[in-house]
């Protein structure tokens, strides 16, 4: 049920304040207990069901053994994620995706399960009922081709020669979102090599199991466009169809000399990515593909050995088994939020040691230098930024930089050492340089290509993978950090250079504020793209506008509060179904501590702390806290590219504390 209408306002009584304080104290104790020795918080970042099978496939191709205990835990994870109909979803909370079902089936078999195992049989029945492996999405077909379970002439061409085109061309790969660019970079190299492992006994068995006819009789070229309906989020556009047609023609007549030159160019870029990230790579998919590039080039090389060793850093043994995380860690992101949440409470001084360690981690993981020749390899400057995980990863992100800078400045307020001025000015300069022409901020880089490139999305299972465009969350985080910087440093700087910087910061804040106002929906919400979904986006939207100076009476804030009022559940909490990210609309679900915390933070920030709806939200958080100070594990609260839910284990430990502390302070 939803609660609507106008509620009376009342301050919390003494008992409720005491309850808040006890919940905050228990939550802080538990949060501090989860901190690691280096000062960081890290968590389970699993959920997408195509990642672990790709890791298992890489180990099989590269003849790397998986330890028996790890193998058993991987099987346990896949078993827990399998649906009753035998299928797997794109992520662990969904089902019916042929792409991931085929890959998980293969992983089961590569991990040692026999073909007559009940789990394997159920998955095989689903695969055959939905078009066999011939109908899985393109990333699945490509992985099968590497395993010698699918023929390359059944793939849409991934042309290495595109990287030889002038970078000024509007469809040059450098225009793509960096995650897309870094996946299709090694994919193009492997495609150009026609890389595949030799067939063995298991290969022939899997060929018999994955298809409904003899493998040798299949005309794979006729199935380039065959895709199961359940795998399609972004249908093939007429533009992509035309591109596929012409690249197919080119592939028939391409010159070997030009292909060789293109492969050399690609390998140079792959090696740069390896050096820049210490072989971690930007994410797990390109980490697997880069590893296989090295293996097929030189199986016994040092680069191959380092690549496989680095892949292990993506593995995480969670409550449901061993999985492959969506990043090498969540360390900086989680640590920045944990520090801010702790400092929001009146009890932060009880955890001075934890804050000192957090401060050290934040300071030690700021990127201090730009990459050599970064322009040659289409990389944005990085000096002063913070990555999602750690400095070794080497890819700073706008909102991670903003939250890292915010945490550093707040920790300074708590009496910890200030960053040197240069290390404050560098991230500010980076944030200014990242701002898009529309006033918003994207993720890793400024937007480089037109949104029309999304019509060429070849992956089908995701949305918005082609272009790094502006997001409300990234914009709000950057606004908040720049405002905090301006407040801290405006009075300290009087030199002409600093006056110019102040004007630049002010102009960036005004442009960012206008962007946030433009992308607010008519119902008062903001759509989140990296969390589930409208409670997340709306918290950031209100946080950003409030930082920029919006008053509580501002119509944008009032509409945002009205949106949340309309979706509060009868128990006082908020909950969203992850399917709402895919459908791009609010889908109500059972109340969730994370969604509730985001909603409560929003309402309190907008001046509604004394509204009884906030009191009821706080009571929901208090009564649902576990005895150990944690909050219960519920549905996944993160998402990427519209369709893939992902876990943020520490969100339920950080945001409820933050929300209760802000509520208690404002409602007193």
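The values are calculated or read from the model by the stated rules, or taken from the named source; none is laboratory data. On a predicted model such as this, the values are computed, not experimentally measured, just so you know. We place every Cβ from the backbone using ideal geometry, glycine too, and count neighbours over all the protein chains shown.
Annotations for the structure displayed:
- For segment 578-611, the set of residues classified as more than 15 Å from residue 664 (Cβ to Cβ) and surrounded by fewer than 19 Cβ atoms within 10 Å (Cβ to Cβ) consists of 579, 583, 584, 585, 587, 588, 589, 590, 607, listed by residue number.
- Residue in segment 84-101 that is over 30 Å from residue 306 (Cβ atoms), in contact (Cβ under 8 Å) with a residue 12 or more places away in the chain, out of contact with any strand residue (DSSP E or B) (no Cβ under 8 Å at 6 or more places or on another chain) and assigned to a helix (DSSP H, G or I) present: yes
- Picking from residues in segment 199-218 that are closer than 25 Å to residue 97 by Cβ and without any contact (Cβ under 8 Å) to a residue 40 or more places away in the chain, the one that is surrounded by the most Cβ atoms within 10 Å (Cβ to Cβ) is 215.
- Residue 667 meets all of the listed conditions (1) over 30 Å from residue 90 (Cβ atoms); (2) modelled with pLDDT of 95 or more; (3) buried (at least 18 other Cβ atoms within 10 Å of the Cβ) but one, namely (2).
- Summed over segment 108-131, residues that are touching a residue at least 60 places away in the same chain (Cβ under 8 Å), in a loop (DSSP other than H, G, I, E, B) and crowded, with 18+ Cβ neighbours inside 10 Å total 2.
- Residue that is nearest to the chain's Cα centre (by Cα) [pool: residues in segment 163-172 that are without any contact (Cβ under 8 Å) to a residue 40 or more places away in the chain and closer than 16 Å to residue 266 by Cα]: 172
- So residue 405, is it touching a helix residue (DSSP H, G or I) at 6+ places or on another chain (Cβ under 8 Å) and crowded, with 20+ Cβ neighbours inside 10 Å: yes
- Filtering segment 489-499 to residues that are modelled with pLDDT of 70 or more and within 12 Å of residue 425 (Cβ to Cβ) leaves 489, 498.
- Breaking point among (1) under 13 Å from residue 482 (Cβ atoms); (2) assigned to a loop (DSSP other than H, G, I, E, B), for residue 385: (1)
- Checking residue 437 against (1) in a loop (DSSP other than H, G, I, E, B); (2) crowded, with 17+ Cβ neighbours inside 10 Å; (3) modelled with pLDDT of 95 or more, the condition it does not meet: (2)
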